[in-house]
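Have a look at the structure below before the remarks.
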Amino acid sequence: MKQFFSVKDIDSISSAVEEALELKANPFSEEQLGKHKTLGLVFLNPSLRTRMSTQKAAMQLGMQVMVMNLNQEGWALETQDGVVMNGSSVEHIREAAAVMGEYCDVLGLRSFPALKQVEQDYSEELFKKFQAYSKKPVVSLESATLHPLQSLADIITIMEQASKDKKPKVVLTWAPHVKPLPQAVANSFSEWMCQAQKEGLVEFVITHPDGYQLKESFTDGAVITTDQDQALSAADFVYVKNWSSYADYGQVLTDGDGWMLDEQRLKSTNQAKVMHCLPVRRDLELGADILDGSHSLVIEQAANRVCAAQLVLKRILKDL
Ligand code: CP
């Protein structure tokens, strides 16, 4: 594997899940693989799970890890070409990424979208420049449009928890929030579930209010409805996530009254397990009754971030 940016970097979801679960069962089985190799984790935005799980995964592979909170601890970064740097920017991404590439064998980058200009965010220009100038394999720790390490952990969790005698119905439901959030988690989960559906692993449904359609290229094959009750009927897994509008880019179009999932709304499901990538705002995005009850899988999902990251790093290390 030369990069990990999306589901397109994985040949088969079922074999990736199987390999990740082997690593989960035997976390130190490849501890020689990363010896004398360095992973650099570069964050332009906050993180708890991605930072700690990727670091743990790398350590279990015997790697050394360096973490750089570039926005807070690095020089103010210029990402555009052709500008005279006479403002607040101090260092250009061309030099910064090239230098980090000298120090590290593999790099990870987290960079959220500005949610101002759709073309700018969806071009994934920053990720592409970072990869080009570092000249090293780059793992997305969440980019402007996708969060593949999260989605891999999500499908691992679904395959681990699903009944063996039935193809699970998986529903992605929009949830209310007070702030405009990126579409990255929803885009990515949808892209992975659509691929899992093609592999015959799941049935996939998306539900959201009017105006919250995701970009079509990420939802190919999904059933999409604005009727949340219809979507939830007989669901085995419900993935709860807020995202801001793609069509009316970056805008919050509704307060989402009636869209928050709670125990009452779960009654029409097949005793569904409930998922969320975290962090979650209790009783705004998702009912505390669910989070504190037996239907929640949020901690299991977060735990699976380790074996997901370990699978990706293992594949990259094998191809160095
Ligand atoms: N789910 C997730 O990526 O969590 P962090 O933002 O804390 O890394």
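The values are calculated or read from the model by the stated rules, or taken from the named source; none is laboratory data. Everything numeric here is computed off the predicted structure, so don't read it as measured data. Positions of Cβ are backbone-derived with ideal geometry, glycine not excepted, and every protein chain shown enters the neighbour counts.
So which residues in the stretch 302-317 are away from the ligand (no atom under 12 Å from the Cβ) and of a type in the set (S, T, N, Q)?
Once the filter is applied, which keeps residues that are away from the ligand (no atom under 12 Å from the Cβ) and of a type in the set (S, T, N, Q), the stretch 302-317 yields only GLN310.
Within the stretch 99-110, which residues are assigned to a loop (DSSP other than H, G, I, E, B) and surrounded by fewer than 22 Cβ atoms within 10 Å (Cβ to Cβ)?
Within the stretch 99-110, ASP105 is the sole residue that qualifies.
Take the residues in the stretch 31-55 that are in a strand (DSSP E or B) and β-branched (Val, Ile, Thr); name whichever of them is nearest to the ligand (Cβ to nearest atom).
Looking at residues that are in a strand (DSSP E or B) and β-branched (Val, Ile, Thr), I get VAL42.
Might you let me know whether the stretch 268-277 holds any residue that is over 18 Å from the mean Cα position of the chain (by Cα), outside the structural domain of PRO27 (by TED's automatic domain parsing) and loosely packed, with under 13 Cβ neighbours inside 10 Å?
yes
Taking into account only those residues within the stretch 283-301 that are within 16 Å of the ligand (Cβ to nearest atom) and outside any helix (DSSP H, G or I), which is nearest to the chain's Cα centre (by Cα)?
So, considering only residues that are within 16 Å of the ligand (Cβ to nearest atom) and outside any helix (DSSP H, G or I), the one nearest to the chain's Cα centre (by Cα) is LEU297.
Quick one: count up the residues across the stretch 245-279 that are under 17 Å from VAL205 (Cβ atoms), more than 16 Å from the ligand (Cβ to nearest atom) and outside any loop (DSSP other than H, G, I, E, B).
Residues in the stretch 245-279 being under 17 Å from VAL205 (Cβ atoms), more than 16 Å from the ligand (Cβ to nearest atom) and outside any loop (DSSP other than H, G, I, E, B): 5 in total.
Give the residue that is nearest to GLN120 (Cα to Cα), with candidates limited to residues of the stretch 71-98 that are in a helix (DSSP H, G or I) and at pLDDT below 95.
Per the stated criteria, the residue is ASN71.
Considering only residues that are touching a residue at least 40 places away in the same chain (Cβ under 8 Å) and assigned to a loop (DSSP other than H, G, I, E, B), look in the stretch 11-30 and name the one that is nearest to the ligand (Cβ to nearest atom).
Applying the filter and picking the extreme gives PRO27.
Determine, yes or no, whether GLY250 is within 23 Å of the chain's Cα centre (by Cα) and surrounded by fewer than 21 Cβ atoms within 10 Å (Cβ to Cβ).
The answer is yes for GLY250.
Looking only at the stretch 192-209, which residues are surrounded by 24 or more Cβ atoms within 10 Å (Cβ to Cβ) and not in a loop (DSSP other than H, G, I, E, B)?
TRP192, MET193, ALA196, PHE204, ILE206
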